Amino acid sequence: GIQVEQSPPDLILQEGANSTLRCNFSDSVNNLQWFHQNPWGQLINLFYIPSGTKQNGRLSATTVATERYSLLYISSSQTTDSGVYFCAVYNNNDMRFGAGTRLTVKP
Amino acid sequence: SQTIHQWPATLVQPVGSPLSLECTVEGTSNPNLYWYRQAAGRGLQLLFYSVGIGQISSEVPQNLSASRPQDRQFILSSKKLLLSDSGFYLCAWSVLGLDAFFGPGTRLTVL
């Protein structure tokens, strides 16, 4: 099946810093999503982004489908941004996740 | 609007006991449904997905099974739980491979 790799696995930032999270995938996909898992385990949809660029406040994402990667940008990070960020790709009805990036934002 | 329910929220079961976790979706028709398991500090492992009533695709051979008796109901079962079945079980739905949405999850501890 399709392989999804996320980097870095762990990231520690000082509040106010910017960061870039990367998601690589091994085959063409129908769709790609970014999720944030909060400390209580809830998965929150951030972006549905099969291609192109989207922005939502301090977060933005870019997917370059032809080169099989997506980037999630977090600007002016806050402690509430802490948690695990996952990308998930769709291929033939199944949805595969990367291992995630664990982000810790320190005050 | 669409909502997804999972229950129970937490469950503690002895090794060898049966399991039944239920997931229901409201406000949509013919969704794709998914079961994932997340071990502590790990990523999400796809267990089963379904594109319609009675249609189940299994991703990982193990002692778990899934059923979809109704369009918006997805059930995860086991006849005899193992210690390794402990984890956080998440149900998700999507329509035509578009945005996926997750339920609140069930934390299962097998003792």
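Any read-out appearing in this document is the output of simple, stated calculations on the displayed coordinates, not a laboratory observation. Since the model is a prediction, treat every value here as computed from it, not as a measurement. Cβ placement follows ideal geometry from the backbone for every residue including glycine, while neighbour counts extend to all protein chains displayed.
Under a 5 Å amide H cut-off, with hydrogens placed 1.01 Å from N, A:Asn91 pairs with A:Asn30, A:Arg96 among residues at least 5 apart or on other chains. By the Kirkwood approach, averaging reciprocal distances over each pair of separate Cα atoms, chain A gets a hydrodynamic radius of 13.7 Å. Put the Cα centre of segment B:14-47 next to the Cα centre of segment A:1-71 and the gap is 23 Å. In a simple Cβ point-charge model (Lys, Arg +1; Asp, Glu -1; nothing else charged), the protein assembly as shown has a dipole of about 260 debye relative to its Cα centre. Karplus-based coupling profile of segment B:86-92, in residue order and whole Hz: 4, x, 10, 9, 10, 9, 9, with θ = phi - 60° in 6.51 cos²θ - 1.76 cosθ + 1.60 and x standing for Gly or Pro.
Using the Cβ-Cβ distance between A:Lys54 and B:Glu59 with R0 set to 30 Å, the FRET efficiency from 1/(1 + (r/R0)^6) comes to roughly 0.55. Working from label points 7 Å from Cα in the Cα-to-Cβ sense, the B:Arg42 to A:Gln3 distance is 1.9 nm. Both radii are taken from the alpha-carbon atoms of segment B:14-111; with Rh as the Kirkwood radius, Rg/Rh is 0.96. Annotation: for a label point projected 7 angstrom from Cα along Cα→Cβ of B:Val15, residues of segment B:75-111 with backbone N closer than 18 Å are B:78-87, B:108-111. Residues whose amide H lies under 5 Å from that of A:Leu13, counting only those 5 or more places away or on a different chain, are A:Thr104, A:Val105, A:Lys106; hydrogens are built 1.01 Å from N in the peptide plane.
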